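A quick write-up on the structure given underneath.
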Amino acid sequence: MTRRDDASATPLARPARLRPGSRVAVVAPSGPVPADRLEEGLAVLRDWGLEPVVGPHVRSTHPELDYLAGADADRAADLRAAWCDPSVEAVLCARGGYGAHRMVDLVDWAAIRAAGPKVFVGYSDITVLHEAFALRAGFATLHGPMVATETFLKDAPTREHLRATLFEPETVRTLGLASAGTLVPGRAEGVLYGGCVSLLAADTGTPGGRTHARGGLLVIEDTGEEPYRLDGILTRLLRSGALAGVAGVACGSWQECGPYEKIRAVLADRLGPLGIPVVEELGFGHGATALTIPLGLPAVLDAPADGGRCALTVQVPALL
């Protein structure tokens, strides 16, 4: 297995931006996809001038394990086929759920690398694949809303931020909602990585997992994790060395994770002793509005001590 141990510190290869008429593949690497939401999401893509094609197993459900969108090998094959199709310019995930850990090692990463970078969008369980694209292929990806999810379908700012990132990435280089605030003040530079923090912890110690964070700017969020569980997740990352050398942390939403003051206390307790800037409630993840965050690119995190605007600024456009 090829792995880039320098992925935290080295900017990754960017794909080209999309344009009207671009052909985009929709895949389901994790859970099954509600048919009505899929059709609604495909209609949005068509309204943007894109030509969506749906992977063969996107509408499938595993015969025994109904929390999976078909067999592991089939989901992996859909991803490979979409990526290696020269007519496809982007691969968009339909939804998260559970299952990416089961199929990630079945993906032909040598073929993925040979095909070159393409736009890849997803979040939540898709964090496992973001890490794999970074560490096994060396490609930058987009932590962003998925085609058949409620946030994408119901929240106009979420959709518009993704659309702008795909078509006009130079217009959305400074990221952060008005809710963003300083948890630990400071300024940091590094290469963006991360996603759903429970998935990052689950990836720790696996054959393709990240071994350190030197030179990295970490973005984290999650859903449905109570404060004590979030404490355990962060503690595992700290004890394993997976956060060694991290330059700064940007936190997104903590949907259904309990009272925010308790979540905030856990974040301050576990991350504060690192002595690095930490921004809270930046505005990505499972929340009502979800910004698209480029992963694998150099960025600056500003966490002012004086109550000024907190922001994450990507130093180059997400796409070429």
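Numbers below:
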| item | result |
| --- | --- |
| Counted residues, the stretch 116-133 - those being closer than 23 Å to ALA201 by Cβ, open to solvent by 10 Å² or more (accessible area, probe 1.4 Å) and among the small types (Gly, Ala, Ser) | 1 |
| Close pairs from the stretch 171-191: first within 25 Å of ASP269 (Cβ to Cβ), partner open to solvent by less than 70 Å² (accessible area, probe 1.4 Å) and among the hydroxyl-bearing types (Ser, Thr, Tyr), Cβ under 8 Å, at least 6 apart | LEU177/THR289; GLY190/SER8 |
| Some residue of the stretch 89-99 being of a type outside the set (Phe, Trp, Tyr), in contact with a His (Cβ under 6 Å, 6 or more places away or on another chain) and farther than 18 Å from PRO207 by Cα | no |
| ALA73 more than 19 Å from THR149 (Cα to Cα) and not in a loop (DSSP other than H, G, I, E, B) | yes |
| Hits in the stretch 192-225 (condition: open to solvent by 20 Å² or more (accessible area, probe 1.4 Å) and touching a strand residue (DSSP E or B) at 6+ places or on another chain (Cβ under 6 Å)) | SER198, GLY215, THR223 |
| Those residues of the stretch 231-247 which are touching a residue at least 40 places away in the same chain (Cβ under 8 Å) and open to solvent by less than 20 Å² (accessible area, probe 1.4 Å), in sequence order | LEU237, ALA242, VAL246 |
| Within the stretch 154-164, tally of residues that are outside any loop (DSSP other than H, G, I, E, B) and open to solvent by 20 Å² or more (accessible area, probe 1.4 Å) | 7 |
| Any chance ALA43 is more than 26 Å from GLU221 (Cβ to Cβ), open to solvent by 10 Å² or more (accessible area, probe 1.4 Å), touching a helix residue (DSSP H, G or I) at 6+ places or on another chain (Cβ under 7 Å) and at pLDDT 95 or above | no |
| Single unsatisfied condition, ARG102 versus (1) open to solvent by 60 Å² or more (accessible area, probe 1.4 Å); (2) of a type in the set (Lys, Arg); (3) touching a Gly at 6+ places or on another chain (Cβ under 8 Å) | (3) |
| Test: residue in the stretch 281-289 that is touching a residue at least 12 places away in the same chain (Cβ under 8 Å), under 30 Å from GLY116 (Cβ atoms), touching a Gly at 6+ places or on another chain (Cβ under 9 Å) and not β-branched (Val, Ile, Thr) | yes |
| Residue in the stretch 19-28 that is surrounded by fewer than 18 Cβ atoms within 10 Å (Cβ to Cβ), in contact (Cβ under 8 Å) with a residue 12 or more places away in the chain, more than 23 Å from the chain's Cα centre (by Cα) and under 20 Å from THR149 (Cα atoms) present | no |
| Residue satisfying all of: in the stretch 77-95; of a type in the set (Gly, Ala, Ser) and in a helix (DSSP H, G or I); surrounded by the most Cβ atoms within 10 Å (Cβ to Cβ) among these | ALA82 |
| Filter result (touching an Asp or Glu at 6+ places or on another chain (Cβ under 7 Å) and either assigned to a helix (DSSP H, G or I) or open to solvent by 30 Å² or more (accessible area, probe 1.4 Å) (or both)) within the stretch 46-59 | PRO56, HIS57 |
| Per-region count, the stretch 298-320, residues of a type in the set (D, E, K, R) and in contact (Cβ under 8 Å) with a residue 40 or more places away in the chain | 2 |
| Subset of the stretch 269-308 (residues that are among the acidic types (Asp, Glu) and either at pLDDT 95 or above or open to solvent by less than 10 Å² (accessible area, probe 1.4 Å) (or both)) | ASP269, GLU280, GLU281, ASP302 |
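Here is a yes/no grid of residues against (1) open to solvent by 20 Å² or more (accessible area, probe 1.4 Å); (2) farther than 27 Å from ALA73 by Cβ; (3) out of contact with any Pro (no Cβ under 8 Å at 6 or more places or on another chain):
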position	(1), (2), (3)
ALA114	yes, no, yes
PHE152	no, yes, no
GLU168	yes, yes, yes
GLY176	no, yes, yes
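The values are calculated or read from the model by the stated rules, or taken from the named source; none is laboratory data. Note that the coordinates shown come from a computational prediction; the quantities given were computed from them, not determined experimentally. Positions of Cβ are generated from backbone atoms using ideal geometry, with glycine treated the same way; all protein chains shown enter the neighbour counts. For the accessible areas, the whole protein counts, side chains as well, though only heavy atoms, and no ligand, DNA or RNA atoms are used. Shrake-Rupley method; radii C 1.70, N 1.55, O 1.52, S 1.80 Å.
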